[in-house]
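The values are calculated or read from the model by the stated rules, or taken from the named source; none is laboratory data. Worth saying up front: this structure is predicted, and the values here are computed from it rather than measured. Neighbour counts are summed over all protein chains in view; Cβ atoms, including those assigned to glycine, are modelled from backbone coordinates with ideal geometry.
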Amino acid sequence: MIYLVTGGAGFIGANFIHYMFNKFHDEIQIINVDKLTYAANLPNLESISSALIEKSCYIFEQIDICDSENIERIFRTYKPDYVINFAAETHVDRSIISPQVFLKTNVLGTQVLLDASLKYGVRRFHQISTDEVYGSIEEGYFTEQTPLNPRSPYSASKASADLLCQAYYSTYQLPITISRCSNNYGPYQYVEKLIPLVITRLLRKESIPVYGDGLNVRDWLHVRDHCDAIEKIIHRGKDGEVYNIGGNNEWKNIDLIYFLIKKIKSVLAKSTQEEYIYNKLITYVEDRKGHDRRYAIDVSKIKEELHWEAKVFFEEGIQETVTWYLQKEK
Ligand SMILES: NC(=O)c1ccc[n+]([C@@H]2O[C@H](COP(=O)([O-])OP(=O)(O)OC[C@H]3O[C@@H](n4cnc5c(N)ncnc54)[C@H](O)[C@@H]3O)[C@@H](O)[C@H]2O)c1
């Protein structure tokens, strides 16, 4: 089977490539198409074995998904069975400052991939989406039926891409699936996102900016559990369907930061005095514009239909993540 993975040099894409090779070894071929924006980090993929590279099981192509000529060449050359679209501009704060690149990559780039998938007849086009397309929810949980209500340029671009995928399914019967996942954590994430930002700043004893009152709530899922869910959807999900993915693991931002301080303290074997110094690094800053208060996701559909559930305990996943960033800082 041939898998075209876009955005494979980013956080989740790189984890997914490792996940697939760990599971299927040299029985698969993965073509990683990535433009290599600031968020990409090719060394994340250096541990792919030379044996896999020699057998051409892993191929990297530096291409922008908006570049239709080169994308068409990729489809013509490799004839992928599966397309998994991770490539995106992903940082909400950046989307508030400059929305245009978000619309280009996240919407037009997705359309280029959908067109090529249609022309070359793929088995499955899988769109990696986000729970942010549902907007903010004070109580209860988002289900796959919750109306889309994106509130940032980032989530609006992701929601637009989801609608395009569904339109290609209805209009052309392109076999698409969509997954909407909550916040991921784990190795290989670019440091601008909350968990790696807090960990690296704590390690460097730099101030930790906290938006607003710090009481915004997010659900956290280990990236390996996300990859496991994606693998189940692409191989066993139903055409045209949306699947929510989440960790049932809600944290207020400020509580998460205190939890990370405790973890860092235990990993570095620091004294209580040191914990007090870390706490003093917390700095409340002006809230993000239009900051969504809470995301919470109902995962019953993927549990019942595909027998997926999150397996990584948060304590262990965070311990592993702190240790990973600590090694990186050395
Ligand atoms: N990180 C999360 O918590 C989270 C949660 C839910 C959904 N998602 C979605 O998962 C996907 C991956 O997220 P991530 O956190 O790994 O992102 P990331 O920012 O770490 O990586 C994105 C990758 O896409 C590449 N890319 C960007 N524009 C491109 C273009 N025009 N052409 C080709 N490649 C391009 C970048 O170079 C980078 O390697 C995104 O679609 C995102 O919306 C992320």
Scan the range 270-281 and give yes if some residue there is in a helix (DSSP H, G or I) and either under 22 Å from residue 218 (Cβ atoms) or modelled with pLDDT of 90 or more (or both), otherwise no.
-> yes
What number of residues in the range 219-237 are over 22 Å from residue 28 (Cα atoms) and surrounded by fewer than 21 Cβ atoms within 10 Å (Cβ to Cβ)?
-> 0
Using the structure shown, decide if residue 244 is part of a loop (DSSP other than H, G, I, E, B) and under 21 Å from residue 145 (Cα atoms).
-> no
Selection count where residues are closer than 17 Å to residue 93 by Cα, touching a Phe, Trp or Tyr at 6+ places or on another chain (Cβ under 8 Å) and acidic (Asp, Glu), scope the range 280-300 | 2
Quick one: which helices (runs of 4 or more DSSP H) lie wholly within the range 1-110 and hold at least 3 residues that are more than 11 Å from the ligand (Cβ to nearest atom) and aromatic (Phe, Trp, Tyr)?
-> 11-24
Count of residues meeting criterion [surrounded by fewer than 23 Cβ atoms within 10 Å (Cβ to Cβ) and among the β-branched types (Val, Ile, Thr)] in the range 13-30 = 1
If you scan the range 151-164, which residues turn out to be more than 12 Å from the ligand (Cβ to nearest atom) and in a loop (DSSP other than H, G, I, E, B)?
-> 151
Does residue 146 satisfy being more than 14 Å from the ligand (Cβ to nearest atom), modelled with pLDDT of 95 or more and outside any loop (DSSP other than H, G, I, E, B)?
-> no
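Okay, residues lined up against (1) among the charged types (D, E, K, R); (2) surrounded by fewer than 17 Cβ atoms within 10 Å (Cβ to Cβ); (3) touching a residue at least 60 places away in the same chain (Cβ under 8 Å):
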position	(1), (2), (3)
67	yes, yes, no
76	yes, yes, no
89	yes, no, yes
95	no, no, yes
98	no, yes, no
107	no, no, no
115	yes, no, no
135	no, no, yes
For the range 197-240, name all the residues that are farther than 30 Å from residue 281 by Cα, among the small types (Gly, Ala, Ser) and assigned to a loop (DSSP other than H, G, I, E, B).
-> 237, 240
Look through the range 165-202, keep the residues that are within 9 Å of the ligand (Cβ to nearest atom) and of a type in the set (Phe, Trp, Tyr), and return whichever of them is surrounded by the fewest Cβ atoms within 10 Å (Cβ to Cβ).
-> 190
Those residues of the range 111-143 which are within 23 Å of residue 170 (Cα to Cα), within 12 Å of the ligand (Cβ to nearest atom) and acidic (Asp, Glu), in sequence order | 131
From the set of residues in the range 301-330 that are of a type in the set (A, V, I, L, M) and modelled with pLDDT of 95 or more, which is farthest from residue 180 (Cα to Cα)?
-> 318
Collect the residues in the range 1-52 that are under 16 Å from the mean Cα position of the chain (by Cα) and of a type in the set (Gly, Ala, Ser), keeping them in residue-number order.
-> 7, 8, 9, 10, 13, 14, 39, 40
If you go through the range 116-138 one residue at a time, do you hit one that is more than 17 Å from the chain's Cα centre (by Cα), part of a strand (DSSP E or B) and closer than 27 Å to residue 314 by Cα?
-> no
